[in-house]
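Please treat every number below as a calculation from the coordinates, not as lab data. No experiment lies behind these values; they were computed from the predicted model shown. Cβ: placed from backbone, ideal geometry, glycine included. Neighbour counts: every protein chain shown.
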Amino acid sequence: MEDLVRVLIIGILIATVASLGSALFHLSRGGDNPKLVRALTVRIVLSIVLFVFLIVAWRFGLITPHGLEPR
């Protein structure tokens, strides 16, 4: 189960970066483009989904936070 959670998190992060790259591409082609707005909207939605997923996974014990201090 831990591997599935890790794959989902990495997948959402990659999709977020890809959406940001798409927005950069559309911005370089011309600033006022509906595709630019759509790409940025997708990035925001993916970021919110990732945040909610991390909180839910933590609450259900699928992931455990750890500090920077060694145990």
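In whole percent, what relative contact order does the stretch 2-59 give with Cα contacts below 8 Å and a gap of six or more residues?
Numbers: 32 pairs, mean separation 21.6, N = 58.
It rounds to 37 percent for the stretch 2-59.
Could you go through the stretch 25-40 in sequence order and give the Karplus-derived ³J(HN,Hα) for each residue, using 6.51 cos²θ - 1.76 cosθ + 1.60 with θ = phi - 60°, rounded to whole Hz, and x for Gly and Pro?
Result, ordered by residue: 4, 5, 5, 6, 7, x, x, 8, 9, x, 5, 5, 5, 5, 5, 5 Hz.
Quote to one decimal, in nm, the extra length available between LEU54 and ALA15 on full extension: 0.36 nm per residue of separation minus the C-alpha distance between them. Could you put the intermediate results ahead of the total?
Working: separation 39, 0.36 × 39 = 14.04 nm, distance 1.59 nm.
Full-extension gain reported as 12.4 nm.
When Cα extents along the principal axes in Å is calculated directly from the model, which label among (i) 42, 42, 24; (ii) 54, 25, 19; (iii) 51, 24, 17 fits?
(iii)
Of the peptides 15-21, 61-67, how do they stack up when ordered by the mean number of other Cβ atoms within 10 Å, highest first?
Values: 15-21: 15.3, 61-67: 10.0.
Highest to lowest by the protection proxy: 15-21, 61-67.
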